[in-house]
Number of protein chains: 8
Amino acid sequence: MKNPLVGIVMGSSSDLSIMEEAAGILRRFKVPYEMTVTSAHRSPERTREYAHSAQRRGLQVIIAGAGGAAHLAGFIAAETMIPIIGVPIDSTPLKGVDALLATVQMPAGVPVATMAVGRAGARNAGILAVQILSLSRPELREKLLEYREEMARQVEETGKKLNKKQPS
Amino acid sequence: MKNPLVGIVMGSSSDLSIMEEAAGILRRFKVPYEMTVTSAHRSPERTREYAHSAQRRGLQVIIAGAGGAAHLAGFIAAETMIPIIGVPIDSTPLKGVDALLATVQMPAGVPVATMAVGRAGARNAGILAVQILSLSRPELREKLLEYREEMARQVEETGKKLNKKQPS
Amino acid sequence: MKNPLVGIVMGSSSDLSIMEEAAGILRRFKVPYEMTVTSAHRSPERTREYAHSAQRRGLQVIIAGAGGAAHLAGFIAAETMIPIIGVPIDSTPLKGVDALLATVQMPAGVPVATMAVGRAGARNAGILAVQILSLSRPELREKLLEYREEMARQVEETGKKLNKKQPS
Amino acid sequence: MKNPLVGIVMGSSSDLSIMEEAAGILRRFKVPYEMTVTSAHRSPERTREYAHSAQRRGLQVIIAGAGGAAHLAGFIAAETMIPIIGVPIDSTPLKGVDALLATVQMPAGVPVATMAVGRAGARNAGILAVQILSLSRPELREKLLEYREEMARQVEETGKKLNKKQPS
Amino acid sequence: MKNPLVGIVMGSSSDLSIMEEAAGILRRFKVPYEMTVTSAHRSPERTREYAHSAQRRGLQVIIAGAGGAAHLAGFIAAETMIPIIGVPIDSTPLKGVDALLATVQMPAGVPVATMAVGRAGARNAGILAVQILSLSRPELREKLLEYREEMARQVEETGKKLNKKQPS
Amino acid sequence: MKNPLVGIVMGSSSDLSIMEEAAGILRRFKVPYEMTVTSAHRSPERTREYAHSAQRRGLQVIIAGAGGAAHLAGFIAAETMIPIIGVPIDSTPLKGVDALLATVQMPAGVPVATMAVGRAGARNAGILAVQILSLSRPELREKLLEYREEMARQVEETGKKLNKKQPS
Amino acid sequence: MKNPLVGIVMGSSSDLSIMEEAAGILRRFKVPYEMTVTSAHRSPERTREYAHSAQRRGLQVIIAGAGGAAHLAGFIAAETMIPIIGVPIDSTPLKGVDALLATVQMPAGVPVATMAVGRAGARNAGILAVQILSLSRPELREKLLEYREEMARQVEETGKKLNKKQPS
Amino acid sequence: MKNPLVGIVMGSSSDLSIMEEAAGILRRFKVPYEMTVTSAHRSPERTREYAHSAQRRGLQVIIAGAGGAAHLAGFIAAETMIPIIGVPIDSTPLKGVDALLATVQMPAGVPVATMAVGRAGARNAGILAVQILSLSRPELREKLLEYREEMARQVEETGKKLNKKQPS
C-alpha cells in the first residue's frame, strides 16, 4: 500500500494469524497500512530503525503484537513519539499473562495503549488506530459510527433469533 | 478551563490522588482538560450523558480511572467513538489485578487503551492523550520530544551521580 | 413463554451452550423464562432497555453470562433494582479469571450474585433464581427439596456402585 | 431483634468489622436481622444447626463471611434451600484470592451468591439481601430506589465539587 | 476388602481415574482400603456419616479428592480426628488453582494434609497414607524403603539409557 | 526435651515466630519435640544428616517450614520415609504463593503434607503431627477430642456474645 | 562425548523433548556436553553425586530442567559452586507457574539462573551456557555473534516476505 | 573502580537500595564493578551505548535490575553477547510478578539469567556473577567455597542456639 498511516509489527511470523485481525479492520476502513515482522530481542537494530523512520515515513500509529516477555511495543514506544498500541499474544505455557504484564506495566513516561490478549485485542488495536486517525479525518468518524451501529444490529438480530427458538 | 480537549473521569473521589498524575501532565503540556467523578455503577445515567456529550463538547480523548470490577472506561468506550484510555486503580485487596483485567480484556469491537495499574498508568494516560492530540498539533509533538529528552537527561544525571558515589 | 419471571441474557451467541444450563434448570422447575443476547459493549442501548423494562415486564431475577472484561451483569445491576446473577464465562486465553474478577469485584452499592466460572456456574444461576423465587412460592420450595434429595440419592448410588466394583 | 429475616454469620469474630457493613445496610433498610459467629470447621455442629433451623425460624436469606479456605457459605448452602450470600474475606497472606475461589467455585447443584472480597462485598451482601426481600415487599423496593438515587446524587455532587476545584 | 485401614472418597465419579492412583498404591502395599463417592455439598449427610463412622469402623486415614471449591477434605477433617489427606483435582476452567486453595488454606485448628493437584497428588496421597500407617507397622516401613529404592533405580536406569543414546 | 517424637525445622531463624505455633501445640499436647534451623540450600549437608538420623533418633514426624522456593520439606521427604509436614512461609514479595507451590507440587513418589501459608499452617502442622501420633497413642486421641470441643465451645461463646451485643 | 563442558540433567525422561533444545544448541556450537536423568526427590543420592563430581569431571556449567515443585536446579546449586541454569517445565495442571516459582525464588546465597518456562527456556539455557563459556573461549564469542546475526537476518527475511504478500 | 569486570545497572535510582545487595557481594569478593542508572524506556540510547561498549570496556557480566514491565535486562541482552543477569524488582502494585515475567519469559535466542524478585535476587545476582568469573579465576572459586562454608556454619550456629533455647 502506498503511504501507509498505520504500521503493524509482530515479533514472530507465528503471530500473523492473530495480527491479521488488525489488518482486516484497517482494510475495512480503507486505512492504508504496512505489516512486517521484527523482534525487540532478535532484531533490535531493525526494530529501532523501524521506530525511528516511522514518523518520517508518515506513520501515525504503530500496532505491535508479541508474546512472552513482550517488549516489542514498549521498545518502539521508547524510540518514537507517535502512539503505540500493544497486543499481548498467548504464545507460551503461561497463556498470555506474561505478555499482558510485559506490555501494560510500562513505567511513567512511556505509555503503550494495551489491548486484550489475543485475537480480540488485535482486532481492537485496528479499531483504536482508526479512532485515533478519525480525530482529524471526519470520514472515518462516520464509518466508525456505522461499524458500531452494525455491530449493535447484529447483536440484536442474534438476540431476536435466540428469543424465537425458545420452547414456549 | 475553557474548551477542554481531554476529559479525566474517575469512579470515586478516592481515586483523585492517582488521577492527578494525568492532570499534571496535561497542565505541563498546556492541554485544556476537565476532571470529574462519575461511576459506571453508581451513576450510570450521568456517565452515559458524559460519554454522549463528549464529542459534541469538543473532547478528543477521555481518560477513565477505576478500581475493582473497573467498568468505567469500557462503559464510556461503548457510548462514544473517541479514543478511551483506561487506568486500572489498586483499590481492593486484589491489588489492582481485578481492575487491570476488567479494563483491558474488552471484547472485539470496543477497545480501551489500557495503562499500567496505578500512578505510573495515570501519568502515562496523560502522555498518551498528548501523543494522540499531537498528531494534528505539531507544537505538542515538539514538546513531547523535549519531555522525552529531559527524561533521558535526568536518567543520565542520576546515573552519573551514582557512578561517582561508588567506592573506588 | 408467557410472563417470564427470569431473564437470561448473554454477551454473545457463543455463550449459548453454557447458558443453556440455566435454562434447563428453569424448565425443570417450570419457571417461565426468556433468553436473549445483548452486550454491554456492543449493544449498550439494547442492554439498558432490557434492564429498564425488566421490572415492568414482570421479571423477578436476571441471569447474565459473559466472558473477558465481563461487564454485562454489572451493567444491568446498575440499571435495575431486581437481583442480578452473574455467570463468568471462560472465553479468552485467561481461562475465565478475567470474567470472574470483572463480575464479582463490584463496588459497594451495586451487587452482582456471582456464580462459578462456566457450566457449573450457569446451572447454579438457574438454581439460585429458583431459590429466590421460592421465597414467595412454596411449591418451588418443595421442588427444590426434591431436587436436592435426588441429587443426594444419585451421589449415594454412584458411591455404592463404586464400592462394589472394588477388588476384595 | 425480633423475627429476623436475614442471618449474618461469620467464621471468626475477627471478621466482625467487615461484616458490620452488611448489618449497617440492613439497619438502614429496617430489615430485622441476627448476627453470630460460627465456623464450618471449628464448630460444624453449631453451623449445621444454624442452617437447619434457619427456615423454620423465618430467615429468608443468610449472609456468610469467611476467609482462607472459606467453606462457611458453601457449607450452609448444602444444608438449607434458602438463598445464601457469600462474602470472601481477606484474612491470609494470599489476600482473599483463596477465600474468593473457595466461595465462588461451587459445584453444580449448590449455588452461593458470591460478593466482592472484603468490605465492599459485605455491604453489597446486605443490599442483595434487601433486593431479594423486596420482591415480595414493595416498601423495600421503594427504599432501594431512593438509596440508588442518593448514591447517584452523591457521585454527582462529588463530581461537581471536583470540577470547580480545578485550575482554570 | 475386609477391615479397610484407609478410606478413599471423592466428590464425583468423574474424579475416579485420578483417585485410582491412590488406590493403586494401597493395593501395591497390600493396605486394605475402601473407596466411595460422597460430596460435601450434594450429599452432606452421607459425608458426615462417613466421617463420623470412620474411626469406629477402623479407618486410620482418609484420602479425599475434589475439584472447584473443594471442601470435601476440610468437611471431613472437621468431623473426625483421624488424619485427612486432601487431593485437589483440576476439574474447572481454573485448572485446579481453586481446588488447591480451597483444600490447603484451612483455618488454624483443622488441618488437611494437602497433596499436589491431580494425578501425582493422588498417588502421593496413597504413599503418605502408607507412611503414616508404617509408624506402627514395621513391615510397611520395609516396603516403603524398597519402593523408594526401586524408584531411584528406575531413575538411574533411565538416566543411563539416555546417556548412551547421545551422539558422541 | 528428651526423646523427641516430632522434629520442627525451618530454613531461617526469621521463620521462628511462625513456627513457634507448631511448637506451642506440641507443648500443649505434651508431645516431646526438638526445634532447629537448617536450610536445603545453605546447609544441605546438615539437612541431609538431620533427615537421615531422624528415624534412628526416634522422630515419628518432621515439620518443615520455609519461604520462597521452599524446598526444605521436599528435600527432607526425599531422604527419609517418615511423614513430612510442610509449612509454606510468606517471606518474599510474592506473599507465599511461591512457597506454597514449591512445597505442595511434589512429584509422584515423594509426598509432603502441605499446610496453609503462614501462622495458621504452622499451628495445623502441630495438630496434624498429634493426629498422626494419636493413631498409636490413645491418650492423644482423647486430648484431641477435648481440644476440638474446646474450640467449638469458644466459637459458640463468641457467637453468643456477639448475638447479645446487637441492637434490638 | 569426551570431556563434556556442560551437563544437562532433567527430573524425568518425559522432559527430554524439551531439554533436547538445549542439547541442540550445544551441538551447533560444538560444545561437548553430557545428558542424563536424575531427580531431586526420587534419586537424591544420584543427584548429589552428580553435583559433587561435576567440577572434578570438568563441567563448567550445569543445565537442569524440571516441572512441578522443581527443586532439581536448586538442589544442585546447593552442592556445587559452578553456575547452574534452571529450566522450568510445564508438566502439571498449573502450567509451569509452579516450576517457575520453585526454580527462580531461591534464597540469598544460592543462585539459579532461571530461563523461561518450556522450550524457549531450554534453548536459551544452551545459549547462556555458551555465553558463559565464551568468556574464556574467544572462538565461541565469534560463533555467538554469527548466531545472533543469522537470527536477525532470518527475522528480516520473514519480515520482508510478509511485506510483499500484503494486498496493495 | 578501575577496570570493572561487572556492570550493575538499574532502571531507576529508587532501585538502588535493592541493587546494593549485588554490589556488596562484589566488594566482598573484591571483584571490580561499576554501577549506574539507565532505563530501557526513558533512556534507550544511553542503555544501548552501555550495552554496546560493555565488552570493549572489559565487562564480563552485566547485572540489570528493574520493576514493572522490566525490559532492561532483555534490552541489554539483545545488544551484547556477554551473560546478562536480571533482577526483577517489586515496585508496582502487582508485587513484582510483572517484573518477574517480563524478565524471565525471554524468547528463544536471547537468554536472561533471572534471579528471585527483590533483595535476595540482587544478592544472588552478585554471587552468580562471581561464579561465572570464577570459571577462569581459581582464586574466586576458593573464596566462593569459603563463602558457602561460612553460610552453612552460620545456619548451624543459629540452629544450635535455637536448640538450646527450647524448654526441656
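Numerical summary
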read-out: Counted residues, the stretch E:94-106 - those being assigned to a loop (DSSP other than H, G, I, E, B), under 16 Å from residue D:105 (Cβ atoms) and out of contact with any strand residue (DSSP E or B) (no Cβ under 7 Å at 6 or more places or on another chain); value: 3
read-out: Filter result for residue D:122 (open to solvent by less than 10 Å² (accessible area, probe 1.4 Å) and either of a type in the set (S, T, N, Q) or not in a loop (DSSP other than H, G, I, E, B) (or both)); value: yes
read-out: Helices (runs of 4 or more DSSP H) wholly inside the stretch B:1-93 containing at least 1 residues that are closer than 30 Å to residue C:81 by Cα and either open to solvent by less than 10 Å² (accessible area, probe 1.4 Å) or of a type in the set (Gly, Ala, Ser) (or both); value: B:44-56, B:72-77
read-out: Matching entry among F:56, F:46 (being within 20 Å of residue E:133 (Cα to Cα) and free of Cβ contacts under 8 Å to residues at least 24 places away in the same chain); value: F:56
read-out: Set E:153, E:119: member being charged (D, E, K, R) and at the interface with another protein chain (Cβ under 8 Å from one of its Cβ atoms); value: E:119
read-out: Subset tally (residues that are under 16 Å from the mean Cα position of the chain (by Cα), of a type outside the set (Ser, Thr, Tyr) and open to solvent by less than 10 Å² (accessible area, probe 1.4 Å)) for the stretch F:104-119; value: 8
read-out: Residue check, residue B:131 of a type in the set (S, T, N, Q) and more than 24 Å from residue A:63 (Cα to Cα); value: no
read-out: Of all residues in the stretch F:94-103 being among the aliphatic types (A, V, I, L, M) and more than 12 Å from residue F:71 (Cβ to Cβ), the one that is most open to solvent (accessible area, probe 1.4 Å); value: F:97
read-out: Positions within the stretch E:25-35 being more than 20 Å from residue E:55 (Cα to Cα) and within 11 Å of chain C (Cβ to nearest Cβ), in sequence order; value: E:27
read-out: Selection count, the stretch F:3-24, where residues are under 15 Å from residue F:62 (Cβ atoms) and at the interface with another protein chain (Cβ under 9 Å from one of its Cβ atoms); value: 4
read-out: Residue ID - nearest to the chain's Cα centre (by Cα), chosen from residues in the stretch A:59-75 that are in contact (Cβ under 8 Å) with a residue 60 or more places away in the chain and under 17 Å from residue B:114 (Cβ atoms); value: A:63
read-out: Residue satisfying all of: in the stretch F:157-168; open to solvent by 70 Å² or more (accessible area, probe 1.4 Å) and either of a type outside the set (Ser, Thr, Tyr) or within 19 Å of the chain's Cα centre (by Cα) (or both); nearest to residue E:133 (Cα to Cα) among these; value: F:157
read-out: Scan of the stretch F:11-33 for residues that are of a type outside the set (A, V, I, L, M, F, W, C), within 13 Å of residue H:162 (Cβ to Cβ) and out of contact with any helix residue (DSSP H, G or I) (no Cβ under 6 Å at 6 or more places or on another chain), ordered by number; value: F:12, F:14, F:15, F:17, F:20
read-out: Every residue from the stretch D:125-142 that is open to solvent by 30 Å² or more (accessible area, probe 1.4 Å), within 10 Å of chain C (Cβ to nearest Cβ), assigned to a helix (DSSP H, G or I) and out of contact with any Ser or Thr (no Cβ under 8 Å at 6 or more places or on another chain); value: D:142
read-out: Scope the stretch F:143-155; condition charged (D, E, K, R) and surrounded by fewer than 17 Cβ atoms within 10 Å (Cβ to Cβ); matching residues; value: F:146, F:149, F:150, F:153
read-out: Failed item, numbered, when residue G:93 is tested on (1) at pLDDT 95 or above; (2) out of contact with any Asp or Glu (no Cβ under 8 Å at 6 or more places or on another chain); value: (2)
read-out: Filter pass, residue G:111 being within 27 Å of residue G:140 (Cα to Cα) and more than 10 Å from chain H (Cβ to nearest Cβ); value: no
read-out: Tally of residues being of a type in the set (A, V, I, L, M, F, W, C) and at the interface with chain C (Cβ under 7 Å from one of its Cβ atoms) across the stretch D:70-84; value: 2
read-out: Search result, residues across the stretch C:156-166 that are at the interface with chain E (Cβ under 7 Å from one of its Cβ atoms), assigned to a helix (DSSP H, G or I) and not hydroxyl-bearing (Ser, Thr, Tyr); value: C:156, C:159, C:162, C:163
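The values are calculated or read from the model by the stated rules, or taken from the named source; none is laboratory data. On a predicted model such as this, the values are computed, not experimentally measured, just so you know. Virtual Cβ from ideal backbone geometry, glycine too; neighbours counted across all protein chains shown. Ligands, DNA and RNA are excluded from the accessible area calculation, which covers all protein heavy atoms including side chains. Shrake-Rupley method; radii C 1.70, N 1.55, O 1.52, S 1.80 Å.
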